[in-house]
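S.K.: Input: one structure, supplied below.
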Amino acid sequence: MKIDHSQPLEYSTEQNRLNILGFWIFLGAEIMLFATLFTSYFVYEDRIGSGPSGADIFEITPVLIETIILLTSSFTIGLAVHAMRINRTKAMTVFLGITLLLGAAFLATEIYEFNHYYHVGATLQTSGFTGILLTTLGTHGAHVTLGLFWGTMILMQIKKRGLTPQIANKSFIFSLYWHFLDVVWIFIFSFIYLKGMM
Amino acid sequence: MEFFERFAIYHPSPLIYASMVAIGLVSIAIVVGITYFKKWGYLWNEWLTTVDHKKIGIMYIISALLMLFRGGADAIMMRLQTAVPDNSFLDAQHYNEVFTTHGVVMIMFMAMPFIIGLMNFIVPLQIGARDVAFPRLNAISFWLFFFGAMLFNVSFVIGGSPDAGWTNYYPLASNEFSPSVGVNYYNWALQISGIGTLMTGINFIATILKMRAPGMKLMKMPMFTWASLLTNVIIVFAFPVLTIALLMGTFDRQFGTNFFTSMNGGMDMMWANLFWIWGHPEVYILILPAFGIYSEIISTFSERNLYGYKSMVWSMVLISLFSFTVWLHHFFTMGQNAFTNSIFSITTIAIAIPTGIKIFNWLLTMWKGKIRFTVPMLYSIAFIPLFTIGGATGVMLGIASADYQYHNTMFLVAHFHNVIIPGVVFAVLAGFTYWWPKMFGFMLNEKIGKWAFWFLTIGFCLAFFPMYVTGLDGQARRMYTYSEATGFGPLNMLSFFGAGLMAIAFALIVYNVYYSFRHSPRNVGDDPWNARSLEWATHNPVPEYNFAVTPEVKSSQAFWDQKKHGHKLFDKEYEEIHMPNKSGVPFIMGVLFSIFGFSFIFAIWIGVILSAIGIFACMIHRTFEQVHGFHISVKEIKETEEKFGGADK
Amino acid sequence: MKELFPMKQVNGFIFSLLLTVIALSVYFLDMSFSVAMTILLVTAFIQAGVQLILFMHAGESEDKSSIYTTTFYAISIALFTVFGSLLAMIWGYMF
């Protein structure tokens, strides 16, 4: 396979460039996936039946914690890619590790939040609103969970084989995924939580 | 025993038990046959593990043809049941199941895979590529589609078929009104094959954007490739909507949520909304590649280049965008105000403009051309007037106020069959005949092909035009019977007769494959049709590596340039060719996905968990795997090329 | 150590925190619905743009036009889907 040394490692082979473009197209599909969830959320937002509304159950503290954690993790994964580009493998793995830890912290907070909803009587079955709320948050959370496993696999591969063009490519694509999840969260934060609480 | 009771058929009849026995016997016969002829190794090595876009394309087409017969059998049963008033061949429940599976099978498991199969085979050849961007992913796409389709068909004999229409509207599709597992099958079969289709979409966009031969700018791509690119763009943005809608439906039916119920804030009409946000683009996913196929064929057999290339491209770009802005016309009568209906009425009618442009382009391509009336060309010529009629009735339906009259009648059924059969079915049959020598190295018999064409076209007109009349007279769709006093009897009998002619046409097509396989001459050369685009610049059948040397292109009709204008397509020396490895993992993932779906349908959670673990294990295996493909040496290339008569370089 | 924290990334991070604080004002301050929604829309889309261009390097490769086209195509269809559905299911729904 031809390696082009004038390009960053993650772009250095033709297959790598294909992978990155392919993943961007996948992100286009993900935009539509979450757009469908948001569409449904807006339609069901006021259809609360006999259950609670958003204003009744949202709490600002866990939401703020989640937002700051995810923004920070988006920053650290950006730093990991930067470290990778200046060939600092060690620093890169550290940043990637921090990102994954922050991801785990996010998930822990989200689990706390879900538990809270359960205790105030907002379950998947309660109403159209609670159903779509938990489905939207859950889909995002499932993406984060998948990202944690994926990132761990990449860390293991870097440990095992070092930063080859393939692994650099995977790491870069993982960073795209992670930033994208942050973007989705910004929209959840603004149009589900803040809109619901104001 | 209690565990097994859930698998019992919801609404049995002797017909279903007979099919059960037949399916069992055929399966046993296949297994015994393969074992007897010692073909397991061949099957596994050459087909089940392949990542070659050509073989995957052929497997798509074979599956699509099988599904055509499944869906066709459903169609015949429906026409037979309604052929005379007060018929009792099928009861209401069976009729519901039959029209549901007919719709789903024909759209999702026949038309789409047929088109994706042709795309798989042709697009990489038309752009001069070795394979698609992600060959392994392509195999996964195929197996997800295949096992999704199998899962759907299993519903017939295990647990009961879906019965809420292919549109699966709630509340009809809810547990209350569809208590069998049928709708669960619908949810999971479509979910699994839909994920496969989404990945196909990503794969082909990346392929077409990045793997074109040197010199092939976007505006120099053959029209079928353009159509495929835009189709895949629609796939990528439409299918996620279906994913979410099916997920919500699954939650409603299996976890008791209130999305599409009528209490606790549920909204049953939301399903219709989401379904058609996907469903309307879906019909353009079917028709755009068909437009591409017709463009290739009409240009080839008129011996003229395509009239208005740029307007063809731009009209398709417009259609691909507009397709996402019209969905509400499927439920004008649902209760929106006049303002809302007007907006969607206007966008709907506006789509007729780019489509009309295309019709005129095809007509002007044929104008003063030297037309050869081959089988593919006959289909293309019949397509133009028939599709125009279908399009015009579509505009009628698109007028919101008038739609109150047509809605839910046989008029609508006539309309969409009138666009889908001459539009999509004729196109795939034309493409199938046109590219057949590319796949297998011999031609299909023209004479039998023409007989099939006439049976199909006349049968189509007789089967569907009467429905316009009965529809305007008020015959509702999806009604399993009607009384004699309605007077619908004679026209429905005519429809049944037409459906019979269509069945004969499909039988003739199968016979043609058999006959040509036995009797057609094998030395048809590389250019049996005097064609124009790049896929004909390589051999028939195509060698594993597609092109011995990467071609250099300067127009959308690269092969014609070489033949008539002395353009040098292959002006390079042979070089070693890098090819991707085969893999059994996609097939295994397909099996695991079908176990996952099946277990979920019947709420067997242990099966769900185990197969999910298996799927993740496959993905982990993939990420740690190090495969670099293999190389075909210059010597091997030379040998292969000489076998094909070599000097064509 | 310093080369591991480029200004572009650090500034981007600070800017995104700032945007979050601005968005939070709709919770802590009293304002009309339309003003609040405007603030949320503006901050959310700027935030998305920051991620896309600064952090995801959308414009760095030879495929940048494909990437931007895909993203804008997705966003426009997404917006049409959201608002079209609201029109169909809420604003223009008569029951």
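S.K.: Within 7 Å of another protein chain (Cβ to nearest Cβ), surrounded by fewer than 17 Cβ atoms within 10 Å (Cβ to Cβ), of a type outside the set (Lys, Arg) and over 19 Å from the mean Cα position of the chain (by Cα): is that true of A:Ile48 in this structure? Don't jump to the end; show me each part of the working.
M.R.: Values: within 7 Å of another protein chain (Cβ to nearest Cβ): yes; surrounded by fewer than 17 Cβ atoms within 10 Å (Cβ to Cβ): no; of a type outside the set (Lys, Arg): yes; over 19 Å from the mean Cα position of the chain (by Cα): yes.
Answer is no for this residue.
Okay, residues lined up against (1) facing chain C (nearest Cβ under 10 Å); (2) over 17 Å from A:Phe180 (Cβ atoms):
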{"residue": "A:Ala55", "(1), (2)": "no, yes"}
{"residue": "A:Pro62", "(1), (2)": "no, yes"}
{"residue": "A:Glu66", "(1), (2)": "no, no"}
{"residue": "A:Ser74", "(1), (2)": "yes, no"}
{"residue": "A:Ile77", "(1), (2)": "yes, no"}
{"residue": "A:Arg88", "(1), (2)": "yes, yes"}
{"residue": "A:Met92", "(1), (2)": "yes, yes"}
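S.K.: Let me ask another. Please find, within the stretch A:153-189, the residue that is farthest from the chain's Cα centre (by Cα) out of those that are polar (S, T, N, Q) and farther than 21 Å from C:Leu54 by Cα.
M.R.: Within the stretch A:153-189, the match that is farthest from the chain's Cα centre (by Cα) is A:Thr164.
S.K.: Answer with yes or no whether B:Met619 is within 26 Å of B:Phe255 (Cβ to Cβ) and out of contact with any Pro (no Cβ under 7 Å at 6 or more places or on another chain). Don't jump to the end; show me each part of the working.
M.R.: Numbers: within 26 Å of B:Phe255 (Cβ to Cβ): yes; out of contact with any Pro (no Cβ under 7 Å at 6 or more places or on another chain): yes.
Taking the combined requirement at face value, the residue satisfies it.
S.K.: Same structure, new question: Given the criteria without any contact (Cβ under 8 Å) to a residue 12 or more places away in the chain, exposed (fewer than 12 other Cβ atoms within 10 Å of the Cβ) and not acidic (Asp, Glu), does B:Leu43 qualify? Outline the logic, then answer.
M.R.: Values: without any contact (Cβ under 8 Å) to a residue 12 or more places away in the chain: yes; exposed (fewer than 12 other Cβ atoms within 10 Å of the Cβ): yes; not acidic (Asp, Glu): yes.
Yes.
S.K.: Examine the stretch B:153-162 for a residue that is closer than 30 Å to B:Pro135 by Cβ and either part of a helix (DSSP H, G or I) or at pLDDT 95 or above (or both), and state whether such a residue exists.
M.R.: Pass one, the stretch B:153-162, residues closer than 30 Å to B:Pro135 by Cβ: B:153-154.
Next cut, either part of a helix (DSSP H, G or I) or at pLDDT 95 or above (or both) only: B:153-154.
Among the residues of the stretch B:153-162, at least one is closer than 30 Å to B:Pro135 by Cβ and either part of a helix (DSSP H, G or I) or at pLDDT 95 or above (or both), which makes the answer yes.
S.K.: Evaluate the following for B:Ala612: is it within 30 Å of B:Gly159 (Cα to Cα), part of a loop (DSSP other than H, G, I, E, B) and at pLDDT 90 or above?
M.R.: It is false that B:Ala612 is within 30 Å of B:Gly159 (Cα to Cα), part of a loop (DSSP other than H, G, I, E, B) and at pLDDT 90 or above.
S.K.: Taking the stretch A:144-198 only, how many residues are in contact (Cβ under 8 Å) with a residue 60 or more places away in the chain and of a type in the set (Gly, Ala, Ser)?
M.R.: Summing the residues that are in contact (Cβ under 8 Å) with a residue 60 or more places away in the chain and of a type in the set (Gly, Ala, Ser) in the stretch A:144-198 gives 5.
S.K.: Among (1) in contact with a Ser or Thr (Cβ under 8 Å, 6 or more places away or on another chain); (2) surrounded by 14 or more Cβ atoms within 10 Å (Cβ to Cβ), there is one condition C:Tyr68 misses while meeting the rest; what is its number?
M.R.: The failed condition is (1).
S.K.: Among the numbered criteria (1) touching a Gly at 6+ places or on another chain (Cβ under 8 Å); (2) not in a helix (DSSP H, G or I), which one does B:Ser262 miss?
M.R.: (1)
S.K.: Show me the helices (runs of 4 or more DSSP H) entirely contained within the stretch B:1-97 in which 3 or more residues are within 25 Å of B:Trp143 (Cβ to Cβ).
M.R.: Numbers: elements: B:2-5, B:14-36, B:53-82.
Here the list reads B:14-36, B:53-82.
S.K.: Specify which of the listed residues (A:Leu133, A:Leu137, A:Leu102, A:Leu124) is of a type in the set (A, V, I, L, M), at the interface with another protein chain (Cβ under 9 Å from one of its Cβ atoms) and surrounded by 18 or more Cβ atoms within 10 Å (Cβ to Cβ). So that I can check it myself, show each step before the final result.
M.R.: Details: A:Leu133 fails: at the interface with another protein chain (Cβ under 9 Å from one of its Cβ atoms); A:Leu137 fails: at the interface with another protein chain (Cβ under 9 Å from one of its Cβ atoms); A:Leu102 fails: at the interface with another protein chain (Cβ under 9 Å from one of its Cβ atoms).
Criteria check complete, one pass: A:Leu124.
S.K.: May I pose another question? Being in contact (Cβ under 8 Å) with a residue 24 or more places away in the chain, more than 19 Å from B:Met248 (Cβ to Cβ) and more than 17 Å from the chain's Cα centre (by Cα) is the filter; apply it to the stretch A:16-40 and report the residue that is farthest from the other protein chains (Cβ to nearest Cβ). Step through it out loud before you land on a result.
M.R.: Narrowing the stretch A:16-40 to residues in contact (Cβ under 8 Å) with a residue 24 or more places away in the chain: A:16, A:19-20, A:23-24, A:27, A:30, A:33-34, A:37-38, A:40.
Among the residues that remain, those that are also more than 19 Å from B:Met248 (Cβ to Cβ) are: A:16, A:19-20, A:23-24, A:27.
Applying the additional criterion that residues be more than 17 Å from the chain's Cα centre (by Cα) yields A:16, A:19-20.
Working: A:Asn16: 10, A:Asn19: 8, A:Ile20: 7 Å.
Ranking the candidates gives A:Asn16 first.
S.K.: Of these, B:Asn546, B:Asn512, which one is outside any loop (DSSP other than H, G, I, E, B) and over 30 Å from B:Tyr406 (Cβ atoms)?
M.R.: Numbers: B:Asn546 fails: outside any loop (DSSP other than H, G, I, E, B).
Every option except B:Asn512 fails the conditions.
S.K.: For B:Ser495, are the conditions met, namely being touching a Ser or Thr at 6+ places or on another chain (Cβ under 8 Å), on the phi < 0 side of the Ramachandran plot, in contact (Cβ under 8 Å) with a residue 12 or more places away in the chain and surrounded by 19 or more Cβ atoms within 10 Å (Cβ to Cβ)? Walk me through it before giving the result.
M.R.: Numbers: touching a Ser or Thr at 6+ places or on another chain (Cβ under 8 Å): yes; on the phi < 0 side of the Ramachandran plot: yes; in contact (Cβ under 8 Å) with a residue 12 or more places away in the chain: yes; surrounded by 19 or more Cβ atoms within 10 Å (Cβ to Cβ): yes.
The answer is yes for B:Ser495.
S.K.: How many residues does the stretch B:152-171 contain that are more than 14 Å from chain A (Cβ to nearest Cβ) and buried (at least 24 other Cβ atoms within 10 Å of the Cβ)?
M.R.: So the first thing to find is which residues in the stretch B:152-171 are more than 14 Å from chain A (Cβ to nearest Cβ), and the list is B:152-169.
From what's left, buried (at least 24 other Cβ atoms within 10 Å of the Cβ): B:152, B:155, B:160-163, B:168.
The number of residues fulfilling the criteria is 7.
S.K.: Still on this structure, please answer the following. Across the stretch B:243-272, what is the total count of residues that are closer than 16 Å to A:Leu33 by Cβ, surrounded by fewer than 24 Cβ atoms within 10 Å (Cβ to Cβ) and either more than 8 Å from chain A (Cβ to nearest Cβ) or under 16 Å from the mean Cα position of the chain (by Cα) (or both)?
M.R.: Number of matching residues: 2.
S.K.: Does B:Ile62 fit the bill of being closer than 25 Å to B:Val542 by Cα and among the β-branched types (Val, Ile, Thr)?
M.R.: Numbers: closer than 25 Å to B:Val542 by Cα: yes; among the β-branched types (Val, Ile, Thr): yes.
Considered against the rule, which asks whether it is closer than 25 Å to B:Val542 by Cα and among the β-branched types (Val, Ile, Thr), B:Ile62 comes out as yes.
S.K.: What are the pairs with Cβ atoms under 8 angstrom where one residue, in the stretch C:42-58, is at positive phi and within 8 Å of chain A (Cβ to nearest Cβ) and the other, located anywhere, is surrounded by fewer than 21 Cβ atoms within 10 Å (Cβ to Cβ) and of a type in the set (S, T, N, Q)? Sequence gap at least six, or different chains.
M.R.: Close Cβ pairs satisfying both conditions: none exist.
The values are calculated or read from the model by the stated rules, or taken from the named source; none is laboratory data. Quantities reported herein were computed from a predicted structural model and do not represent experimental measurements. Here the Cβ is made from the backbone with ideal geometry for all residues, glycine too, and neighbour counts use every protein chain on show.
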